[in-house]
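This report concerns only the one structure given below.
The values are calculated or read from the model by the stated rules, or taken from the named source; none is laboratory data. If you're wondering where the values come from, they're calculated on a predicted model, not measured in any experiment. Using ideal geometry, Cβ is built from the backbone for each residue, glycine included, and neighbour counts are taken over all protein chains shown. The protein model used for the area step is the full one, side chains on, heavy atoms only, and it has no ligands, DNA or RNA in it. Shrake-Rupley method; radii C 1.70, N 1.55, O 1.52, S 1.80 Å.
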Amino acid sequence: MSAAEEHRTAYEVLGVPRDATAEEVRRAYRRAARAAHPDVGGDPAAFRAVTRAWDLLGDAEARRRYDLSLPDPDVGARGPHATAGSGRARPSGRSGPGGRAARPVRYEPPPGEAETDPTVLDLPRSSQRVHGAPRPRGILPDEHRVLRQARTLDVLLRHVADALPAARVLTGLRLGGRWGRHLDVDHAVLCGHRLALIGSVMVPEGTYTWDGADLRSRGRPVAPPLLGPAMMAWQQALPQVTVGGFVHVMTDRDARHAPVIRHTRGADAPEAQADLLTAPPAPGIAFAREVALFLGTGTDPDLVDRRALGALVGRLH
């Protein structure tokens, strides 16, 4: 398989447009699978590509996530010079936090400028809304981590990225080198000049209290992941952005409002905080609301900072 074939999208592998219906995708997959199957003389590599394309497009939710990972088709259609003056993409039609109509996405530097600057992420990747993948598993299985990351990513895509078209979601962020040690973060979301670093924790069913340092249920503490060191490190690495920290709390049951978390008296006072979190740990919908509020109330929530995004993409696993 040639290099060009390896970089084809799933739609190109099946030979259908990106707006194809589910039935059109299914028929195209069957035709391609019959033609490429090794039992009828087809190429095994081509058959694997067809199967992979079906895995990405055959399920509605998998297809939605895959579409978010693709560059905006309008960027290539417009060409870099068509928008060099304003760096604007077409309006998304979605509403931002608070029901405001979403403004068109802008890119800084604008398309056509600084394209040879190695610190600036190229326009096709800058238009991708999802970057990276969970860090590889270690020697021992860690199903809880895999499940936590998958659920958190789903919440971010459904309730943050869909509301903020300029948001860029990154998974598997690592900052090492001169910082002396690796600082891993499950997820991050860049939107305008704000960066949300995100951790997650899975807890047993129950009602919890938050005292500024721990989540407690029946007297037993659960410490959320420590984001402060990573927040400080990224704030130094990207002085042009404001860095925030958030923790998604979940139970074994995939519920958007569980667990119930109550705050003890004085828990939100600065002196009670054990970390630099922007908002207290929260379950699904409340967590997503805090992240979207932080990102959407910045000065430029419609902006994609291609230099900051390039620095982040360069630190993915």
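Peptide packing for 254-260, 127-133 was compared via the average number of neighbouring C-beta atoms within 10 Å per residue; ordered from the highest value, the list is 127-133, 254-260. Less than 5 angstrom separates the built amide H of A279 from those of G245, all sequence-distant by 5 or more or on a different chain.
Computed over protein heavy atoms with a 1.4 Å probe, the carbon and sulfur contribution to the accessible area of the stretch 238-317 reaches 52%.
In terms of the Cα gyration tensor, with a ≥ b ≥ c the square roots of its eigenvalues, is the stretch 30-72 rounded because a/c is under 1.5, prolate because a/b exceeds b/c, or oblate? Because a/c hits 1.5 or more and a/b exceeds b/c, the stretch 30-72 counts as prolate.
Compute the Cα gyration tensor for the stretch 258-301, then decide on rounded, prolate or oblate, letting a ≥ b ≥ c be the square roots of its eigenvalues: rounded whenever a/c is under 1.5, prolate when a/b is larger than b/c in the other cases, and oblate in all that remain. Oblate is the answer for the stretch 258-301, as a/c is 1.5 or above yet b/c matches or exceeds a/b. The listed residues R145, R18 rank as R18, R145 when sorted by accessible area, largest first, using a 1.4 Å probe.
Spin-label pair H317-R34: with each label point 7 Å from Cα along the Cα-Cβ axis, the two points sit 4.1 nm from one another. Accessible surface for S217 stands near 20 Å², nearest 10, in the context of the full protein assembly shown (1.4 Å probe).
Stokes-Einstein diffusion for the stretch 205-277, with the hydrodynamic radius set to the Kirkwood value over Cα pairs and evaluated at 4 °C in a medium of 1.567 mPa s, equals 94 µm²/s. Of all DSSP bridge pairs formed entirely within the stretch 191-254, close to 40 percent run antiparallel.
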